[in-house]
1. For E202, what charge total do you get from the other residues with a beta carbon under 12 Å from its beta carbon, if Lys and Arg give +1 and Asp and Glu give -1?
2. What are the ³J(HN,Hα) couplings of region 27-35, residue after residue, when phi is run through the Karplus curve with 6.51, -1.76, 1.60 and θ = phi - 60°? Round to Hz, x for glycine and proline.
3. Could you estimate the translational diffusion coefficient of region 107-242 from the Stokes-Einstein equation, with Rh from the Kirkwood formula over C-alpha pairs, at 10 °C and 1.306 mPa s, in whole µm²/s?
4. Tell me, Kirkwood radius of the chain from alpha-carbon pair distances, in Å?
5. Could you work out which residue, out of A141, A49, A154, moves most in a Gaussian network model of the chain, that is, has the largest mean-square fluctuation with Cα springs under 10 Å?
6. Among S125, L84, V113, whose Cα lies farthest out toward the positive end of the dipole of region 80-230, if unit charges sit on the beta carbon of Lys, Arg (+1) and Asp, Glu (-1)?
7. With each pseudo-label sitting 7 Å past Cα toward Cβ, what's the K134-S31 distance in nm, one decimal?
8. Under 16 Å from a point placed 7 Å out from the Cα of E200 along the Cα-to-Cβ direction: which residues of region 217-239 have their backbone N that close?
Amino acid sequence: MHRTPKYVQVYNQILLMIKRAQFAPGSKLPSEEQLTTDFNVSRVTLRTALSLLKEDGVITSIHGQGHFVNLSETQKNDQGIRALGCPILDSLTIPIEQITKKDAYYFKNPSSVFTDKLFEVKDISYFTLNVWYKMDKLNVANIFSILLPETIEAFGLDLDNSEQIIQFLETDIYHEVANSKLTITISSRKPDSFRREFAEDETLVLMTENLYAKNGKVLAQNKYYIAESFFRTSLVRYQSHH
């Protein structure tokens, strides 16, 4: 007969405390020093348990700040990226209410070979829109959108109004989208290569989405960068029948 490993016991104890709301969603867990004392285990055992809790989407670990309780699956209200909508809003481990600031800006750019090919046009300038999501002093996510002037005009978008840019990229553009193709990967960009920097040691998850209009043409290409510490999403899949 084998005894349950210590780290599994600690995992189960913390999970039970979260389910009993002793650690509320969004709250910070006690320090590792305090937890090792409370559970009478070594730091290695505790960190193994915490790594499993993070792996299972129960907590989020933020370097230099500690460990935070995520929303439960029920509280996430079936969170996931299966429906057409801004995937950032459905891929953050923290409640959107914990985003303390959103910052938006734009640039107008001369034509490029890439955008001409993407939008099937020739020598047409394009716009790039940016939205940054911040929790306290940390930048946790970024939307980088590429689209043509005609799309800006069609939506009557005032680019000098940051709230309009945010609403457009989070909501309004999806009203005109017939379908999209979303690719998820690990970004090769360095955190300090952005206009607004992510934490220096963060790995970034990149979701690249081509949004297609009802006429089949690309309406916009959006890149969603999320700090790995704050990323978790889901997708419901079904058995195929032949």
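1. Charge balance in the 12 Å sphere: -3.
2. 7, 8, 5, x, 4, 4, 4, 5, 5
3. Details: Rh = 16.3 Å.
Result for D is 97 µm²/s.
4. Values: mean 1/r = 0.0499 Å⁻¹.
Averaging 1/r across every pair of different Cα atoms and inverting gives 20.0 Å.
5. Looking only at A141, A49, A154, the largest GNM fluctuation is found for A154.
6. Sorting the options by dipole projection puts first V113.
7. 2.8
8. Nothing falls inside the zone, counting backbone N under 16 Å.
The values are calculated or read from the model by the stated rules, or taken from the named source; none is laboratory data. If you're wondering where the values come from, they're calculated on a predicted model, not measured in any experiment. Cβ: placed from backbone, ideal geometry, glycine included. Neighbour counts: every protein chain shown. Side chains are part of the model used for accessible areas, which takes the heavy atoms of the whole protein and leaves out ligands, DNA and RNA. Shrake-Rupley method; radii C 1.70, N 1.55, O 1.52, S 1.80 Å.
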